[in-house]
Amino acid sequence: MTPRRRAVLLVLPALVPVAAVVGAALVSAVLLSLGLTPLVGRPELSLDAWRAAAGDLGTATRLSLGIAAASTVLAAAVGLALALAATAAVRRSRLLGALAALTIPVPHLVGAAAMGLLLADTGVLARWLGVSPDAWPSLVGGPWWVAVVAEYAWKESAFVALVVGGVLASRARSYGETAALLGAGRWARFRFVTLPLAAPALGGASAVTFVYTLGSYEVAALLGRPYPEPLPVMAVRLAGSIDLAVRPQAAAVAVTTAVLALAVVLLALRALRRLSAWH
Amino acid sequence: MALGTRLGRAALAVWLLLPLVPLVLWAAADRWTAPAVLPQAWGTAGLRDAVDSGAGTASLRSTVLGLVVAALATPLGAMAGRALAGSGVPAGGAVLAALLSPLVLPPFAVALGLDVLLLRLRVPASVGVVLLLTVAALPYTTVLMRTAYAAHDPGFEEEARTLGATARRAVLAVQLPMLAPALAGAAFLAFLVGWSDYVVTLLVGGGQLVTLPLLVASAASSVGNEAQVAVLSLGSVLPPLALLVAVGLLGRRR
Amino acid sequence: MAADRPWDDVLAEADGQTVDLWMYGGEEAGNAYVDDVLAPAAAELGVTLRRVPVADTGDALDRVLSERQAGVTDGEVDLVWVNGENYAAGRQAGAWLCDWALDLPNRRYTDPADPLLTDDFGVPVEGCESPWHKAQFTLVYDSARVPEPPTTLAGVLDWAQANPGRFTHPAPPDFTGSVFVRQVLTSVVGGPGEVPLEFSQEAYDEYAPALFERLATLSPALWRGGETYPQSQQELDRLFADGEVDMTMTYGPATLADLVADGTFPETTRVLTLEEGTFGNASFLALPSTSGDSAGAQVVADLALSPEQQAAKADPGTWGQFTVLDTGRLEDADRAAFEELPASPVVPPYAELSRNAQPELSADWVSPLDEGWRRSVLAP
């Protein structure tokens, strides 16, 4: 068997179901958004749903991108710090590794409930700090979506730590020790050994975080506000409308979300390809 | 250890733990109204309500679902990750992008036609759920295993081969143990995809699979259930954690 | 379909069937009633009743609509606890089985002319769903913080204006927020009966501007200066529980007793009955047209309508849901069971709560008003 053939055979079992499911999901959503598979009435090709949704799409897109970017930057920074602490050559913090592992299995729905209990006007934090609800900043449901970003950053920082830590654990210590033996200082070891080793994993995990945040609904719905709304919240609101004729608009918003996320994935892959360890 | 490092690590620990604190307190609270700093009445009402709502069987179902998804998505992701870490796959970049594409599908998009298609094709509900969740887990397992294989030094296997080991033996005795941490991480993430899903389990599963997230979501949709939600939530963190510890121990022993 | 079929045949077919009842799972008392009272009684009739808890009844409707689109005839949803919105949405797409609910034997205990049972959100019921309990849109206040509550909705709005930050309502299209906006509509135009129940664009253009103007004027005096709104009744309840606002509202007052008993709401929580009355409706059990166990579902719906089950469910210690039966039509012993029910410590009896009850505007009003509120008040 040629190596090429072998590689193809290795990839196919994953590729076939993925392509089938994603393809079917996208095609169904596009058909619905174009009025070809309505729940009521006759199928008819039209752009009405896209036109109707267009007004709010711009605001929703900007908000979604903003939330995803803020969450990703925070999650990447904290996650990297966690991974470094948990895999450090000297004084490795087992505790932080364990705590990060504790956070990963928390479903986002639960994380959102927890953040609400913590950050709301009358939440635990406000009570502990003795701040009255009026004086407490609007973290939950406020104009800056702080609680939403905090939840994503909290959960995803643990995910980033898991992915980056996995790579660093297997490689960094030996390289770091070699570099230390050769006389490299702490900063130099970080800059020239750890960071290049971690970069591909960090970039990959960040891209995953960004795209996940872009398409996720529960957290923004529970900790956000009714206007403006991010794309997924808008889509779910339209999909749940009492008027079934609005559903194609929900599909249009979902397709927009997916296309946006796909663009991010492609950009991330291009950027990652330039990094050394990522071919 | 430098003070800065110590402070930094303490801050990281607070970052990770703080959001869980209200949950832990609520789980043991029978009554906790604002502006009380701590619950006014401690008790097990939350636990009782959680058990009454069927948390026991639900977590069993969640566990099975998570394990099945992990059992499928981990090997598939490992195989794909291995192939993509090399240069043998034609149009490797496009294939990787395709394997990451489930990430771009918002979960609720399932309700916009895909569920109808599965029903039309008469795919049994449980098969549909497992298929969709495995696909949703594949980006995670693929990325993780691809990164691990890319960082993996094939020199050790070559050495084993030179020493007379068969290809299969080199994979089993050398490659897999070295990749055990990555495999465990991939399996864990795949498990969580099945363990924490709501939309697919409910809409494609047709309500036949009442898992823990379904209980959490419905209990969390109304006030007054905080203690129950907290117990259910902590209950949905503990089993994966136990699994993680078990996998970690297993990995270390090998 | 099921019309004129001898009930014994239905019973015989139902024997051995498993009925999946999809219902909102946020009400502990409701879950317990179904699991511990209704399901065992169904088991005695040979029907296994499975409760599927959902966070939003819309999820159940989604599943039924998908099954319907796929032409499934042995679907996984056999009964849904629906409100008027879900029912009306489902009717558009033929999601519900019709012509069965009027033939249930226990239906004889209801008043055939009861308007709450003949129309649901302005959509004729026509035997497409079986009544389960009655509900009344209710404002709720904390008597410790509002010692002298207003007595009309206009008074409530004035009170909110005079007490900045102490009142708000869920943002439509939340079910409760949407009802509140419609309730204000009937108030600002001069009282119930003024707005035609049937939707028309002319009626909307005539009446809606006054509504939005009133709410936009009120907005700066609401919680957080009206720059945002709670997204759901749950969020509003949370604000009320934490003392951030002094009033909340619900279309299901039955839950209040539980919320006060477990300390979520203060003991001084009271129901605000309005002079001009509020919207009343009934909630129903709908049977999807895709159900594969429709005989079993009919047996459960009939059982749920029986005097014993209705009385058990009306007990505030069980669930406290108002009966849909006309107690005047009951046997003496059954009527006595209702008369002996203990009073709820929080919720007044149905007769008091439903005084001057107003019929709901038709479902066609809902979307335009929700959308109009978003455009005119939320994001002008």
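The values are calculated or read from the model by the stated rules, or taken from the named source; none is laboratory data. Worth saying up front: this structure is predicted, and the values here are computed from it rather than measured. For neighbour counting, all protein chains shown are included, and Cβ atoms are generated from backbone atoms with ideal geometry for every residue, glycine included. Side chains are part of the model used for accessible areas, which takes the heavy atoms of the whole protein and leaves out ligands, DNA and RNA. Shrake-Rupley method; radii C 1.70, N 1.55, O 1.52, S 1.80 Å.
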Seminar exercise, completed: Placing each pseudo-label 7 Å from Cα in the direction of the beta carbon, B:L3 and B:V51 end up separated by a distance in nanometres of 5.1
Exercise. Could you state the number of Å between the C-alpha centres of segment C:293-330 and segment A:73-89?
Worked result: 58
Seminar exercise, completed: Taking Cα atoms only, helix A:108-119 is inclined relative to the longest principal axis of chain A by an angle, in degrees rounded to 10, of 80
Exercise. Rounded to the nearest 0.05, what FRET efficiency is calculated for A:A271 and B:A91 with R0 set to 25 Å and r the Cβ-Cβ distance?
Worked result: 0.85
Exercise. Any idea how far apart B:T44 and A:T59 come out in nm if each label point goes 7 Å out from Cα toward Cβ?
Worked result: 5.1
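Can you give the charge dipole size of segment A:34-274 about its Cα centre, rounded to the nearest 20 debye, using +1 on the beta carbon of Lys and Arg and -1 on the beta carbon of Asp and Glu? Provide the component values of the computation, followed by the final result.
Numbers: 19 positive and 11 negative charges, 243 e Å.
Dipole magnitude for segment A:34-274 comes out near 1160 debye.
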For this session: Any chance you could tell me what percent of the C-alpha pair distances in segment C:253-380 go past 17 Å?
Result: 71
For this session: Taking the dipole about the Cα centre of the protein assembly as shown, with the C-beta of Lys and Arg at +1 and of Asp and Glu at -1, give me whichever of A:V236, C:A351, A:L260 is farthest to the positive side.
Result: A:L260
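With a 1.4 Å probe on protein heavy atoms only, work out how much accessible surface A and B bury together, total over both chains, in Å² to the nearest 100. Could you put the intermediate results ahead of the total?
Numbers: alone 16140 and 14990 Å², together 24110 Å².
Chains A and B together bury approximately 7000 Å².
Please report, as a whole percent, how much of the solvent-accessible surface of segment A:34-274 comes from carbon and sulfur atoms (probe radius 1.4 Å).
Values: 6310 of 9540 Å².
C and S atoms contribute 66 percent here.
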Exercise. In segment B:1-114, what percent of the accessible surface is made up of carbon and sulfur (1.4 Å probe, ligands and nucleic acids excluded)?
Worked result: 73
For this session: With r as the distance between the Cβ atoms of C:T327 and B:V14 and R0 = 60 Å, compute the FRET efficiency 1/(1 + (r/R0)^6) and round to 0.05.
Result: 0.50
Exercise. Once both axes come from the Cα atoms, what is the angle between helix A:146-181 and the longest principal axis of chain A, in degrees from 0 to 90, rounded to 10?
Worked result: 30
Exercise. Rounded to the nearest 500 deg cm²/dmol, what is the calculated helix-only ellipticity per residue at 222 nm for chain C, with -39500 (n - 2.57) per DSSP H run of length n ≥ 4?
Worked result: -10500 deg cm²/dmol
For this session: Grab the other residues whose beta carbon is less than 9 angstrom from that of B:P35, score K and R as +1, D and E as -1, and report the net.
Result: 0
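Using helices alone, what [θ] at 222 nm do you get for chain A, with -39,500 (n - 2.57) per DSSP H run of 4 or more residues, divided over all residues and rounded to the nearest 500? Please list the in-between numbers first.
Working: 11 runs with 202 residues, N = 279.
Result for chain A: -24500 deg cm²/dmol, rounded to the nearest 500.
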Problem set entry | chain A: angle of helix A:247-274 to the longest principal axis, Cα-based, in degrees nearest 10 | 20
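With a 1.4 Å probe and every protein chain left in place, work out the accessible area per residue of segment B:71-198 in Å², rounded to a whole number. Each step should come with its number before you reach the end.
Values: 4740 Å² over 128 residues.
For segment B:71-198, the solvent-accessible area averages 37 Å² per residue.
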Exercise. According to a simple spin-label model (label point 7 Å from Cα along Cα-to-Cβ), what is the distance in nm between A:A19 and B:A246?
Worked result: 3.7
Exercise. Accessible area drop of at least 40 Å² (1.4 Å probe, protein heavy atoms): which residues of segment A:237-279 qualify, relative to the chain alone?
Worked result: A:R237, A:I242, A:L244, A:R247, A:A254, A:V265, A:L269, A:W278, A:H279
Problem set entry | Total accessible surface hidden between B and C, rounded to 100 Å², 1.4 Å probe | 2700
For this session: Give the accessible surface of segment A:117-186 per residue, rounded to a whole number of Å², with probe radius 1.4 Å and ligands, DNA and RNA excluded.
Result: 42
Seminar exercise, completed: FRET efficiency (C:E227, C:D8; Cβ distance; R0 60 Å; to 0.05) is 0.45
Seminar exercise, completed: Taking every other residue with Cβ under 14 Å from the Cβ of B:G93 and scoring Lys and Arg +1, Asp and Glu -1, one gets +4
For this session: Choose one answer from A:P196, A:P232, A:P133: the residue with the largest mean-square fluctuation in a GNM of chain A with alpha-carbon springs under 10 Å.
Result: A:P133
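Please work out how much length the chain gains when fully extended from C:T48 to C:F338, using 0.36 nm per residue of separation minus the C-alpha to C-alpha distance, in nm with one decimal. Can you show the working numbers first?
Values: separation 290, 0.36 × 290 = 104.40 nm, distance 2.74 nm.
Length gained, C:T48 through C:F338: 101.7 nm.
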For this session: Sort out for me the Cα centre separation of segment C:197-262 from segment A:231-279, rounded to whole Å.
Result: 32
Exercise. Over chain A, what is the relative contact order in whole percent, taking alpha-carbon pairs under 8 Å and six or more residues apart?
Worked result: 26
Exercise. Counting DSSP beta bridges with both partners in chain C, what percentage is antiparallel, nearest 5?
Worked result: 65
Problem set entry | Coarse-grained scattering of segment A:34-274 at q = 0.12, 0.13, 0.14, 0.15 Å⁻¹, given as base-10 log I(q)/I(0) from a Debye sum over alpha-carbon atoms | -0.79, -0.88, -0.97, -1.04
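Past the 27 angstrom mark, what percentage of all C-alpha to C-alpha distances in segment C:1-156 do you count?
Details: 4151 of 12090 pairs.
Tail of the P(r) past 27 Å holds 34 percent of the pairs.
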For this session: Quote the Stokes-Einstein diffusion coefficient, in whole µm² s⁻¹, for segment B:121-187, based on the Kirkwood radius over alpha carbon pairs, a temperature of 25 °C and a viscosity of 0.890 mPa s.
Result: 176
Exercise. Considering only the protein assembly as shown, what is the antiparallel percent among its DSSP beta bridges, to the nearest 5?
Worked result: 70
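Am I reading the A/C interface right? What is its buried accessible area, both sides, 1.4 Å probe, to the nearest 100 Å²? Numbers along the way, then the final one.
Details: alone 16140 and 15700 Å², together 29660 Å².
Counting both chains, the buried surface is close to 2200 Å².
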Exercise. Can you list the residues of segment A:17-32 whose accessible area drops by at least 50 Å² going from the chain on its own to the full set of protein chains, with a 1.4 Å probe?
Worked result: A:V18, A:V21, A:V22, A:A25
Problem set entry | Over the protein assembly as shown: Kirkwood hydrodynamic radius from C-alpha pairwise inverse distances, Å | 29.0
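Shielding by partners for C:231-244, please: the mean number of other protein chain Cβ atoms within 10 Å of each residue's Cβ.
Working: counts 11, 5, 3, 7, 8, 1, 3, 11, 5, 1, 6, 11, 5, 6.
Mean partner-chain Cβ count within 10 Å for C:231-244: 6.
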